[in-house]
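The block underneath contains the structure these notes are about, expressed in structure tokens.
The values are calculated or read from the model by the stated rules, or taken from the named source; none is laboratory data. In this text the structure is predicted, and so the values were computed from the model without any measurement. With ideal geometry, Cβ positions are generated from the backbone for all residues, glycine too; neighbour counts draw on all protein chains shown. All accessible areas refer to the heavy atoms of the entire protein, side chains included, with ligands and DNA or RNA removed. Shrake-Rupley method; radii C 1.70, N 1.55, O 1.52, S 1.80 Å.
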Amino acid sequence: MSTRQMAVLAALVIAGPVLAGVLRAGKASVKLAVPPGARIAGAHTPRTATGTLDELRVKALVFEIGMQRAALIACDVHSMDDSLAAAARRAVTEATGLQPEQVMISATNTHSGPDADALRTILPAKAAEAAAQAARGLGPATVRYAVGREESVCHYRRYLMKDGTVQVDPGKENPETVQPMGETDADLPVVFFDPAVLYINYAMRPEAVRGSRYSADYPAALARVAGKVFGAATLPMFTAGAEANVNHIDVKSAAPQKGAAEALRIGTILAGEAIKASARFESFEPAAIRLARETVRLPARKGGVEAEVQVLALDDRVAWVGLPGDVYVELGRAIKKASPYPLTIVVGHANGSAGLASTAKAYKEGGEDVEKSRLAPGAGEALAEAAIRLLAAAHRASR
């Protein structure tokens, strides 16, 4: 056995057999109040927040079977660097006893959220508060899942230009644009922990609002619309998929596609698809929660970058894969295709940030995004390979 294989096995954590029990789930949503004056993260041009358009939230789902527990925490922020994510996980551990391998904390990647510096003294406490509330509210639940498909709102953002170069977001009706260099991922996974949480995941950057006020962008509208259908007892919860190179901009259209109205349009369409998908829910009675994680050393332009890949799974049916940083859509699709689970949900911006994880193909093509990435060719594939290894190991443990 090679040294690398031994390191992989040593880093792998799989939950062993658990005492038989029924599924219990708890939820919480707490306000993330950030004072105006912080820099808006994700802005193309630097800008300072002047207020709040819609509330930023930290949402938590804690679920339990027998003696095993896990938590999914989604934060309406642009991103979390490694130190911020680690601090938030430590705070959750102190508040709940949940260990880091049991907690997947992710950013929704709203491009109208505060930067990390404004969150360091706020986010860990709010994550702990949300997780503790959810843990205290654990109650009997059932779980159902389905996958919707929504193709109309999402577009690939890397384009071949007439001069042979690749440009990111080339602008609307740009006559030099030839064609997109890839495809989006239309899947809309929906998992219903009835009655606690309606969990929705989608691969598309939340960057429609683009104003000077804090906003959760289209996930906020999605939650409002879905919440009206599923009722006050259910918390709609959104996480970002592998969405680094896809967004809502249709370059063939002259429409401006920005602002609160655009976020509402997108959120309403996605909520509608989630509601339609609920008519096809598949039910199952999970007997165990499986956990796996691995620290991967990724090639970088200078030295290497350590990144955590994490898997949380319910039996052999539903699995979540947490990937740190902004991940290309092709990598997310590859992970799902290779996964042994009927439903695999790829969660980007999870547990820290390794930076932009693109494909080796994109490095050859060029483009502003890969040119600015601190990672080197092969890093994205290394993340995907680790995710596929962990999924296979967790699935074997469920048999």
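Remarks
- Criterion applied to ILE73, ILE40 was being at pLDDT below 95 and crowded, with 24+ Cβ neighbours inside 10 Å, and the one residue passing it is ILE40.
- Flag for ALA60 being out of contact with any helix residue (DSSP H, G or I) (no Cβ under 7 Å at 6 or more places or on another chain), open to solvent by less than 60 Å² (accessible area, probe 1.4 Å) and in contact (Cβ under 8 Å) with a residue 12 or more places away in the chain: no
- Verdict on ARG297 being at pLDDT 95 or above, within 17 Å of the chain's Cα centre (by Cα), assigned to a strand (DSSP E or B) and surrounded by fewer than 24 Cβ atoms within 10 Å (Cβ to Cβ): no
- In the stretch 43-53, of all residues being farther than 18 Å from THR108 by Cβ and modelled with pLDDT of 80 or more, the one that is least open to solvent (accessible area, probe 1.4 Å) corresponds to GLY51.
- Among residues that are part of a loop (DSSP other than H, G, I, E, B), surrounded by fewer than 23 Cβ atoms within 10 Å (Cβ to Cβ), of a type in the set (Asp, Glu) and at pLDDT 95 or above, GLU151 is included.
- Residue tally, condition assigned to a helix (DSSP H, G or I) and surrounded by fewer than 18 Cβ atoms within 10 Å (Cβ to Cβ), over the stretch 130-139: 1
- Of the strands (runs of 3 or more DSSP E) lying entirely inside the stretch 164-249, those containing at least 3 residues that are touching a residue at least 24 places away in the same chain (Cβ under 8 Å) span 166-168, 187-194, 197-202, 235-240.
- Selected residue [under 19 Å from the mean Cα position of the chain (by Cα) and modelled with pLDDT of 95 or more] from LEU56, LEU23: LEU56
- Scan of the stretch 182-196 for residues that are within 16 Å of the chain's Cα centre (by Cα) and either more than 22 Å from ARG158 (Cα to Cα) or not β-branched (Val, Ile, Thr) (or both), ordered by number: ASP185, ALA186, ASP187, LEU188, PRO189, VAL190, VAL191
- Hey, GLN257 in a strand (DSSP E or B), open to solvent by less than 60 Å² (accessible area, probe 1.4 Å) and under 22 Å from MET204 (Cα atoms) or not: no
- Residue within the stretch 29-43 that is within 30 Å of ALA141 (Cβ to Cβ) and assigned to a loop (DSSP other than H, G, I, E, B) present: yes
- Pick from the stretch 351-360, criterion over 21 Å from TYR202 (Cβ atoms) and touching a helix residue (DSSP H, G or I) at 6+ places or on another chain (Cβ under 7 Å), ranking: surrounded by the most Cβ atoms within 10 Å (Cβ to Cβ): GLY352
- Some residue of the stretch 156-178 being within 17 Å of ILE345 (Cβ to Cβ), modelled with pLDDT of 95 or more and open to solvent by less than 10 Å² (accessible area, probe 1.4 Å): no
- Check on GLY348, surrounded by 24 or more Cβ atoms within 10 Å (Cβ to Cβ) and at pLDDT below 95: no
- None of ILE105, ILE122 is in contact with a Lys or Arg (Cβ under 7 Å, 6 or more places away or on another chain) and in contact (Cβ under 8 Å) with a residue 24 or more places away in the chain except ILE105.
- Within the stretch 361-388, being open to solvent by 70 Å² or more (accessible area, probe 1.4 Å) and either on the phi > 0 side of the Ramachandran plot or part of a helix (DSSP H, G or I) (or both) holds for LYS361, LYS364, GLU368, GLU371, LYS372, GLU385.
- In the stretch 108-119, residue nearest to PRO46 (Cα to Cα) [restricted to those that are small (Gly, Ala, Ser) and touching a Lys or Arg at 6+ places or on another chain (Cβ under 9 Å)]: SER112
- Contact annotation: residue pairs with Cβ atoms under 8 Å, 6 or more positions apart or on different chains, pairing a residue in the stretch 315-335 that is more than 27 Å from ARG144 (Cα to Cα) and aromatic (Phe, Trp, Tyr) with a partner that is at pLDDT 95 or above and outside any strand (DSSP E or B), are TYR328/ALA242; TYR328/ALA244; TYR328/ASN245; TYR328/SER358; TYR328/THR359; TYR328/ALA362; TYR328/GLY380.
- Exactly one residue out of ALA186, ALA240, ALA216, ALA208 is open to solvent by less than 20 Å² (accessible area, probe 1.4 Å) and touching a helix residue (DSSP H, G or I) at 6+ places or on another chain (Cβ under 7 Å), and it is ALA208.
- Of residues in the stretch 343-394 being within 18 Å of the chain's Cα centre (by Cα) and hydroxyl-bearing (Ser, Thr, Tyr), the one nearest to ALA292 (Cα to Cα): THR344
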